[in-house]
Amino acid sequence: QVQPVESGGGLAQPGGSLRLSCEASATIYYQNAMAWYRQAPGKEIELVAVILGGGNTNYADFVRGRFTISRDNAKNTVSLQMNSLKPEDTAVYYCNRAPPRSDAWGQGTQVTVSS
């Protein structure tokens, strides 16, 4: 299986937190830069955060300071800790390589931020 498996989404209140996890195959994960992306209804997919194989990270301006991306190379997993959530963070979140591999989009995990 090539597609990653994302989990951890759900409903959160504004200001709340969620932690997303992604399990990727070695084909996708091994020594590659990995990223979280998101797609809100009616909008294009956008890059949220990137983590390089060595652990360096970069974030989109709209999540910097609120979200933290991490990886566990022993388990081929990538996580996204999301704090101080806002309603505009509502989207389906996906993980994939950075840049993304076209055949490696999973089902994603829905994050809804609402009171």
If you go through Ala60, Ala24, the only one that is more than 22 Å from Ser115 (Cα to Cα) and in contact (Cβ under 8 Å) with a residue 60 or more places away in the chain is Ala24
Assess whether Ser7 counts as being open to solvent by less than 70 Å² (accessible area, probe 1.4 Å) and either over 11 Å from the mean Cα position of the chain (by Cα) or at positive phi (or both). no
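Here is a yes/no grid of residues against (1) closer than 14 Å to Val111 by Cβ; (2) assigned to a loop (DSSP other than H, G, I, E, B):
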residue	(1), (2)
Gln3	no, yes
Arg19	yes, no
Ile28	no, no
Trp36	yes, no
Leu47	no, no
Gly65	no, yes
Ile69	no, no
Is at least one residue of region 5-18 under 13 Å from Cys95 (Cα atoms) and acidic (Asp, Glu)? yes
Report the residue count in region 13-29 for those that are crowded, with 21+ Cβ neighbours inside 10 Å and either under 11 Å from the mean Cα position of the chain (by Cα) or among the aromatic types (Phe, Trp, Tyr) (or both). 3
Looking only at region 40-56, count every residue that is under 13 Å from the mean Cα position of the chain (by Cα), closer than 23 Å to Gly15 by Cβ and open to solvent by 30 Å² or more (accessible area, probe 1.4 Å) and tell me the total. 1
Take the residues of region 71-81 that are outside any strand (DSSP E or B) and in contact with an Asp or Glu (Cβ under 8 Å, 6 or more places away or on another chain): which is least open to solvent (accessible area, probe 1.4 Å)? Asn76
Across region 82-111, what is the number of residues that are surrounded by 15 or more Cβ atoms within 10 Å (Cβ to Cβ), free of Cβ contacts under 8 Å to residues at least 60 places away in the same chain and part of a loop (DSSP other than H, G, I, E, B)? 1
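The values are calculated or read from the model by the stated rules, or taken from the named source; none is laboratory data. Being a predicted model, the structure only gives us computed values, none of them experimental. For neighbour counting, all protein chains shown are included, and Cβ atoms are generated from backbone atoms with ideal geometry for every residue, glycine included. All accessible areas refer to the heavy atoms of the entire protein, side chains included, with ligands and DNA or RNA removed. Shrake-Rupley method; radii C 1.70, N 1.55, O 1.52, S 1.80 Å.
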